1. When the label point is put 7 Å from the Cα of Y104 along its Cα-to-beta-carbon vector, which residues of the stretch 48-69 have a backbone N closer than 11 Å?
2. Take the Cβ-Cβ distance between L68 and L22 as r, set R0 to 45 Å, and report the resulting FRET efficiency rounded to the nearest 0.05.
3. Full extension from T78 to V14: what is 0.36 nm times the residue separation minus their Cα-Cα distance, to one decimal in nm?
4. Need the full-extension length gain, T171 to V93, defined as separation in residues times 0.36 nm minus the C-alpha distance. One decimal, nm.
5. Find how much the distance from E32 to R5 grows on full extension, using 0.36 nm per residue of separation minus their present alpha carbon separation; answer in nm with one decimal.
Amino acid sequence: MYCPRCGQQAAEEVRFCSRCGLPLDAAAELVEAGGVPDWLAAPGEAGGGLTPRQRGTRKGLMLVAGALIFFVVAAILTAFKEDLFVFLIPPGVLLTVGVMRMLYALLLEEHRPGARGAKRAAADSAAELRPAAKRAAELPHARTAPASLYTQTADTKDMAASPLSVTESTTRLLDEHEAGGRR
């Protein structure tokens, strides 16, 4: 396998490119998927999932179907004994929840998986390409602040001498200020 960024040849079991550090396992998964990541594939294609709208509609239909089956069973029980009419209330609640879930999915949920913000979609797609175990073993991001920002230079010649009094220190500062003003 060759690194897609720098062209370095790497063995199949290597996870990162030795030259540029690109995660090669994600590139291998992308090649195996035919160049189309899972989050971009159409819902009907292999590897593509359902859109949020389709998932919500399915959940709503399952609730409605379950409520109708429960209602038929409760109606049969009520026909035999009228005291069991209480069992007709839960199917009514389930039917209402199922219809509301379908309406929510149809009106408010996204109809395509890539409809979220571009930055979040890109982050999610990169995360979906790699299994969680592989993501945890990655190297941390490079530091942006150089180490030279954390070095401090101190004037230590005053520390070697005996401690000065407050007046001597003030007098020295005034003398330095006057000498700088005369120039």
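1. 56-57, 60
2. 0.25
3. 16.4 nm
4. Between T171 and V93, full extension yields an extra 19.4 nm.
5. Full extension of this stretch gives 8.0 nm more.
No value in this document is a laboratory result; all are computed from the given coordinates. None of these values were measured; they are calculated from a predicted model. Glycine also receives a Cβ, built like all others from the backbone with ideal geometry; neighbour counts cover every protein chain displayed.
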